[in-house]
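Read the structure below first, then the notes.
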Amino acid sequence: MEWFDPVALQIGPVAIRWYALAYIAGFLLGWRYALWLTRRTALPPDRAALDDFLTWAVVGTILGGRLGYVLFYNLEEYLKVPLSILEIWHGGMSFHGGLIGVTAAIILFARRRGFSPLLLGDVVAAAAPIGLFFGRIANFVNGELWGRPTDVPWAVVFPNAGPEPRHPSQLYEAGLEGLLLFLILLPLAANPRIRARPGLVLGVFAIGYGLSRFLVEFVRQPDAQLGFLWLGATMGQLLSLPMIVIGIAVVLWAARRPAVEAAAA
């Protein structure tokens with residue numbers, strides 16, 4: 001059978017790819033969901049702040065994601081052709097880099113608006129699985145970031161990955177770090193008492209994503225230019241371990257802090 005066409009729509013020389021549509025859907029649906037969450041409490045951020053932050057989130061995600069991929073996964077090759085760093089339509093985005101970029105955007109934006117970055121971070125973290133879900137589906141459509149060879153009944157033969165059936169690890173990630181994590185965070189982020197403890201939702205997100213990514217990496221094919229690293233771990237696992245540790249620390253810290261009063265936020 002023919003593989004999916006990564007181009008969703010071709011208008012003359014302009015190609016609209018599923019990968020780009022996934023990002024657009026993730027940002028727009030995540031923004032709408034964040035608005036719904038903030039209406040449930042009188043805590044920052046309000047609608048106006050979220051509307052303004054959307055641009056910051058887009059820039060932070062794309063710049064951080066691209067630079068993270070360049071630095072963590074393929075620096076040597078990009079140094080040979082530096083202009084190829086700009087060719088993001090060919091793929092090559094790092095979640096952990098995007099996380100760093102969005103974190104920087106959250107801190108800068110929240111401080112400019114005069115409220116705790118953790119309050120904004122909780123809302124963004126609750127919405128992030130929406131974008132992760134669509135992004136992993138786009139990875140599957142693109143036939144990239146495939147899994148290791150396997151004989152499970154649902155194995156897939158990916159284009160450019162050889163004749164061996166492989167784990168559809170992109171779909172595993174869509175289910176775990178996308179759908180499941182969204183469902184775990186939903187009752188937390190929608191609970192005013194939980195939201196009154198800034199950082200709690202953010203910490204649970206970090207733990208959930210870190211565990212999901214660490215587990216899926218056992219069946220995901222390591223990047224060819226990196227292979228297996230320290231103690232047989234992959235780069236994705238090494239980058240996810242600090243997330244889990246930091247997430248646990250943030251949850252414990254936030255749970256012990258006094259609740260934030262809406263009037264004082």
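The table for this structure:
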read-out	value
Fluctuation leader among PHE72, PHE228, PHE109 - the chain, Gaussian network, Cα springs under 10 angstrom	PHE228
Surface share of carbon and sulfur [accessible, 1.4 angstrom probe, percent] for the chain	70 percent
The chain: DSSP helices with Cα axial extent of at least 18 Å and average Kyte-Doolittle hydropathy no lower than 0.5	18-38, 47-73, 95-113, 117-142, 200-216, 235-256
Convex hull volume per residue for segment 73-126, taking Cα atoms only, in Å³	107 Å³
Accessible area of TRP56 in the full protein assembly, 1.4 Å probe (Å², nearest 10)	80 Å²
Rounded accessible area per residue of segment 193-265, 1.4 Å, Å²	53 Å²
Accessible-area value, VAL251, 1.4 Å probe, nucleic acids and ligands omitted, Å²	30 Å²
Inter-part distance where segment 96-122 and segment 176-203 are each reduced to a Cα centre, Å	17 Å
Area accessible to solvent at ILE248, 1.4 Å probe radius, in Å²	80 Å²
Per residue accessible area in Å² of segment 12-80, where ligands, DNA and RNA are left out and the probe is 1.4 Å	55 Å²
Of GLN225, GLN170, GLN237, the one that fluctuates the most in a GNM where the chain has Cα springs shorter than 10 Å	GLN225
Residue-normalised accessible area of segment 81-142, expressed per residue, 1.4 Å probe, Å²	44 Å²
Relative contact order, percent, the chain [alpha-carbon distance under 8 Å, six or more residues apart]	20 percent
Highest-MSF residue in the chain out of LEU181, LEU229, LEU43 [GNM, Cα springs under 10 Å]	LEU229
Calculated on alpha-carbon atoms, Rg and Dmax of the chain in Å	19.1, 62
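The values are calculated or read from the model by the stated rules, or taken from the named source; none is laboratory data. Everything numeric in this text was worked out from a predicted model, so none of it was measured. Heavy atoms of the whole protein, side chains included, go into the accessibility calculation; ligands, DNA and RNA do not. Shrake-Rupley method; radii C 1.70, N 1.55, O 1.52, S 1.80 Å.
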